[in-house]
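Here the structure is laid out as structure tokens; the discussion comes afterwards.
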2 protein chains.
Amino acid sequence: MMGVKVTLLKLYSYFLYTLHRLVQHFHRPSEVVSALKKKMRVFSYLNRAINGYPSCSKLLLVFSVSCGGLVAYADSQSDSGRHSVEPNQIEPRKKRVVVLGTGWAGTSFLKDLDVSSYDVQVVSPRNYFAFTPLLPSVTCGTVEARSIVEPVRKLVKKRGGDIHFSEAECLEIDAGNKKILCRSNFNENLVGNNEFFLEYDYLVIAVGSQVNTFNTPGVLEYCHFLKEIEDAQRIRETVIDCFEKAVLPGQSDEERMTNLHFVIVGGGPTGVEFAAELHDFVHEDLVYLYPTVKDLVKISVIQSGDHILNTFDERISSFAEQKFQRDGIDVLTGCRVVSVSDKLINLKVKSTGVDTSIPHGMVLWSTGVGTRPVVKDLMQQIGQGNRRILATDEWLRVKGCEDVYALGDCATVAQRKIMEDILSIFKAADKDNSGTLTIEEFKDVVEDIIIRYPQVELYLKRKHLFDVMDLLKDSSGNDRKEVDIEEFKLALCQVDSQVKSLPATAQVAAQQGAYLSGCFNHRERCKTNPEGPRRFRGSGRHEFRPFRYRHLGQFAPLGGEQAAAELPGDWVSLGRSTQWLWYSVYASKQVSWRTRVLVVFDWTKRFIFGRDSSRI
Amino acid sequence: MMGVKVTLLKLYSYFLYTLHRLVQHFHRPSEVVSALKKKMRVFSYLNRAINGYPSCSKLLLVFSVSCGGLVAYADSQSDSGRHSVEPNQIEPRKKRVVVLGTGWAGTSFLKDLDVSSYDVQVVSPRNYFAFTPLLPSVTCGTVEARSIVEPVRKLVKKRGGDIHFSEAECLEIDAGNKKILCRSNFNENLVGNNEFFLEYDYLVIAVGSQVNTFNTPGVLEYCHFLKEIEDAQRIRETVIDCFEKAVLPGQSDEERMTNLHFVIVGGGPTGVEFAAELHDFVHEDLVYLYPTVKDLVKISVIQSGDHILNTFDERISSFAEQKFQRDGIDVLTGCRVVSVSDKLINLKVKSTGVDTSIPHGMVLWSTGVGTRPVVKDLMQQIGQGNRRILATDEWLRVKGCEDVYALGDCATVAQRKIMEDILSIFKAADKDNSGTLTIEEFKDVVEDIIIRYPQVELYLKRKHLFDVMDLLKDSSGNDRKEVDIEEFKLALCQVDSQVKSLPATAQVAAQQGAYLSGCFNHRERCKTNPEGPRRFRGSGRHEFRPFRYRHLGQFAPLGGEQAAAELPGDWVSLGRSTQWLWYSVYASKQVSWRTRVLVVFDWTKRFIFGRDSSRI
């Protein structure tokens, strides 16, 4: 025992000593990391060892595929500095960009922004970026909260430029006077003013969403949510509380069962992942520490639709339902939550209209996204007051005001319908003003149409048409030489049915941030050399190509080292290997080497020691 | 870049795969760990490599010394189960032991207790044990909070027995009726009663202390403390808050300086270690992230005595003061804090009586320990109401009530003075009732005297006497054949000056816990075969030897990879190597392999990536 301990400590000492020498040699951690990486290559002979195991090589194959397609975000940092200019040259006053929020959208925008040509101010109530897809893992201690956050200052420091960050919340956007009011939320003991104004030339709103209770009574008071790090930490404490309460002396079995009934409202990816994590936590760790109450634990998922994970492929949805059934997780579909009290959830079964009540120990409300007050207020100012969510055009510019951009969950892209512009398109395409469109004339504009109206491509794909010219065929499928305006309208009339709003996911937000920073970086160049499609209603071309979302797939971890994934090209992957794919992708998508190492260490730690049940 | 990533992930996959197979093979994490430990031995050839580095071998030499002397706590677990009996044999009703608290004393008691012969109930508001000596490291993120906690249930599960734990606070001890009232502090949404009574046959009070404000106004409202995990987490957030506030727009330099002034009241080990940690955090990490305010940061230590670390050796105290002076940490000695307000600390300089005020951003109050209300209440009941701290006898039994034991910071051992018993001792030793004591008669009782009154040994050591017989020499130093009562009194009259109360440290608490569990385990055996010293006032022998504290040394980390240590035998060790000794000892003293791995990983992480400045 003692011998092993000494040996281990010697090993550790040697390791630290080597590191110490490395650090003394290089002085900066990033250099140390790159030196370590080089050293790691020495171990690459292990590849061969791994290839000896068929299941591993399969995993790595899938992983390599995923590296090509899915790893988009983490690598964007390698582009950094590409557009930097010499700071010494004499410039006009830099334009002031104010960024609200440091979530996926805001951070992704900042990561690629050419900070040398803008004066950037970032305002967010949180001084860190959180890798939100791992939040469900934090609720049960599979991953630690601190392993999935990275300080914003560290992220922006990597960019080398002069970005100013203020830990404050934006209370009011004055779009007319181009300024915002912010307030910081510090302890009142600190001296100095907590409110300040910031003026902007461009405003980037990336404040995300808040929880949507659908005005259900009691939700705000008695439910947990899962949007912030603090939410996850609170859930973790509450789960432990429920168990500790259940083993206190003097409780009836009914009381114990109530306290150990965990209810999840909403069968989307977050709710399902939390249910799976909780099930693992209970059955892999807690039952051994609280053996007397292990048979009293119950987990229920309430879903208003007919299936859980209903935004996923049907195969995934039923795989998840079967897995949950085997695990003993109750899935109540077709139920609407009417109200929540401190001890009961009141439901209405949609099909029968019957009301029922369920006692609970903890409720997680994970359904829908709502608009934050500051955005609601802006919407009133700019004539979007009757909308549910802030609308931007396809270039992410907020509709109804100048120089304000919105990305991520707080806004939605209002895709222009092709039928609104059909006359202008026809007129622009019909160069000889003949009143009919020839194939050549159509070919001339078709690329611009596809760029401007992405629904055309979706429509073609859905109809299994391989050539856009097929649109102009007549009803019997024969090619036509030319079409008039009515025929043209008829050909395109169903295209707009493919317009869909983008999901409120990290993937969309990150892509939007990267897209917008590209626009900002090329603003000057694109003024003279526009790279967007032709303006059908006006003249000339748009400065930039509109934002186009590329869906790279989606994961649903289901617990017990099983996961489901929707991969590009309508692939569906299920089971244990998918969970390993999930590990690989989520490790590679981390925003820094620090969080990557920490997350991988957390997984390993859980594997060896289990999850911690300390109530902190 | 991508190549390295893939290689690393492959390595990781292989590692996890191996672990996975190990887990499948052994099924239980503890078995896996022991298997891993065996595998680790293979690497022991690395010892030779390490011995090639002179500085390392020095470290390891010191470490090996420390292993012998200092590593007492972590290894006590290897004794577990030594006294277990067959559970099937028919027994009378087991005695009920109720343990209050899961700190050092309580956990150490539980770790070695033979749970097969007692019905053990543990009550504590925290369901984990925290390795408190690392709390100052948690305040600045050098070590994570979760790395230094271990669930009580896990610790007791290792003992294999049936220990029942309740997460609740003891509100009232009814020593007359041998029962206690407890209340749990859960969310009110959970159903069931929060209060319950527990009856006991033996009560072990190990509730620790609370902060002592010395009735200074404003301390409770405006100061931070450092006794619990939550305190450390709050301090961490507040430090980041102070920096974030200082870089907000619209602050004057004076306001920034006020917010960045960190004041520590109390120059004991905790205060000094926090000041050092904070200095490192600021100068190794924060100045790079908040470069605009780096020259405005100030750290001050206020000490009422003339020196900081005044319980340590003088050399350590002045080494610390010099180190702090070089680091720019202000040390204000000889100052008493009169009151604290939200923005100012009001001081009185003791020597001149001048009042002065210091503006502050954060204050840590780390001076003195106070008695918890539940213990105060018990003291009233048992006639100790006019004492400052609960008194026990040398067997840790609370004075004034039956079957109640108290250990750790919540109590103090009231060592019996030898002069109180001097007549009885003389009478007991003087077997022939001659009125004089011969050397032989004295020799007969001297061992019992030394065991019963440890101050005798301390006195001999202090006077540099090597033989207890030297006490009986006459004033000119000549041996005497026999002494009468007056000469005997004179010989021992100065011995009691060596009675000192034990410090409120983890070391004392852990030793007391281990001692008491030994008493509990041997209770039956010692009833018939008492192993304690002779009862001088009564007849026969005491059942157990009284508790004897062995001081194993003390550390004071001073930041910048430097530390000071007081080692057994009046050794003093200073500087960088001492910091490495500190790492070794603190790693080896962890209560579980899990926390040991986590703490070592945290140190390594800090070494490579620095500390995290996210405000969570």
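The values are calculated or read from the model by the stated rules, or taken from the named source; none is laboratory data. All values derive from a computational prediction rather than experimental measurement. Methodologically, a virtual Cβ is constructed for each residue, glycine included, from the backbone with ideal geometry; neighbour enumeration extends over all protein chains shown. Surface areas here come from the heavy atoms of the whole protein model, side chains and all, with no ligands, DNA or RNA. Shrake-Rupley method; radii C 1.70, N 1.55, O 1.52, S 1.80 Å.
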Largest-first principal axis extents, alpha carbons of segment B:418-498, Å: 33, 27, 19
Given 0.36 nm per residue, what is the gain on full extension from A:His464 to A:Asp432 after removing their alpha carbon distance, in nm? 8.3 nm
Give the average, rounded to an integer, of partner chain Cβ atoms located within 10 angstrom of each Cβ in A:150-158. 4
Sorted by packing (mean other beta-carbon atoms within 10 Å per residue), highest first, where do A:601-608, A:434-441 land? A:601-608, A:434-441
Between A:Arg387 and A:Ser497, the FRET efficiency computed from the C-beta separation at R0 = 30 Å comes out, to the nearest 0.05, as 0.90
Could you pull out the GluC sites (Glu not before Pro) across segment B:483-531 that fall in loop regions by DSSP (anything but H, G, I, E, B) with no more than 15 other Cβ atoms inside 10 Å? B:Glu531
Hey, what did segment B:529-616 get for relative contact order, percent, Cα under 8 Å, at least 6 apart? 13
Counting other C-beta atoms within 10 Å, and keeping those with at most 14, which DSSP coil trypsin sites (Lys or Arg not before Pro) do you find in segment A:521-591? A:Arg537, A:Arg548, A:Arg550
Using a loss threshold of 20 Å², tell me which positions in segment B:230-252 are less accessible in the complex than in their chain alone. Probe radius 1.4 Å, ligands and nucleic acids ignored. B:Asp241, B:Glu244, B:Lys245, B:Val247, B:Leu248, B:Pro249, B:Gln251
Within 10 Å of the Cβ of an average residue in B:599-605, the count of other chain Cβ atoms is 3
Could you calculate the FRET efficiency of B:Gln210 with B:Val354 from 1/(1 + (r/R0)^6), where r is the beta carbon distance between them and R0 is 41 Å, rounded to 0.05? 0.80
Loop only by DSSP, 16 or fewer other Cβ within 10 Å of the Cβ. Give me the chymotrypsin sites (Phe, Trp or Tyr not before Pro) in segment A:192-273 that pass, ordered by residue number. A:Phe214
Rolling a 1.4 angstrom probe over the protein heavy atoms, how many square angstrom per residue are accessible across segment A:418-498? 57
Mind giving me the nanometre distance, one decimal, between the label points for A:Asn193 and B:His522, set 7 Å out from Cα along Cα→Cβ? 7.3
If the cut-off is 20 Å between C-alpha atoms, which aspartates and glutamates fall inside it for A:Lys481, apart from same-chain ones fewer than 8 positions away? A:Asp430, A:Asp432, A:Glu440, A:Glu441, A:Asp444, A:Glu447, A:Asp467, A:Asp470
Cross-link table B:Lys417/B:Lys589; B:Lys94/B:Lys157; A:Lys245/B:Lys94; A:Lys94/A:Lys399, entries beyond 29 Å C-alpha to C-alpha: B:Lys417/B:Lys589
Starting from the 7 Å offset along Cα-to-Cβ, what nm value, one decimal, do you get for the label separation of A:Lys95 and B:His283? 4.4
Using +1 at the Cβ of each Lys and Arg and -1 at the Cβ of each Asp and Glu in segment B:483-616, identify which of B:Phe520, B:Gln498, B:Phe536 lies farthest towards the dipole's positive end. B:Phe520
Taking the Cα of B:Asn185, stepping 7 Å toward and past its beta carbon, and measuring to each backbone N in segment A:218-242: which are under 20 Å? A:233-242
Hey, with R₀ at 60 Å, roughly what FRET efficiency would B:Asp570 and A:Asn310 work out to, going by the Cβ-Cβ distance, to 0.05? 0.20
Ordered by number, the residues of segment A:188-226 that have at least 30 Å² less accessible area in the complete protein assembly than on their own chain alone (1.4 Å probe) are A:Asn189, A:Leu190, A:Val191, A:Gly192, A:Asn193, A:Phe196
Within a 10 angstrom radius of each residue's Cβ in A:137-149, how many Cβ atoms of other chains show up on average? Whole number is fine. 2
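For the pairs A:Lys298/B:Lys179; B:Lys463/B:Lys489; A:Lys443/A:Lys489; A:Lys350/A:Lys376; A:Lys111/A:Lys227; B:Lys443/B:Lys489, note any where the Cα-Cα span goes beyond 25 Å. If you can, show how the numbers build up before the last one.
Details: A:Lys298/B:Lys179 35 Å; B:Lys463/B:Lys489 17 Å; A:Lys443/A:Lys489 16 Å; A:Lys350/A:Lys376 31 Å; A:Lys111/A:Lys227 22 Å; B:Lys443/B:Lys489 16 Å.
Distance filter (> 25 Å) returns A:Lys298/B:Lys179; A:Lys350/A:Lys376.
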Evaluate the relative contact order of segment B:418-498 (contact order divided by residue number), counting alpha-carbon pairs under 8 angstrom at least 6 apart; express in whole percent. 41
Over both sides of the B-A contact, add up the buried accessible area with a 1.4 Å probe and give it to the nearest 100 Å². 11100
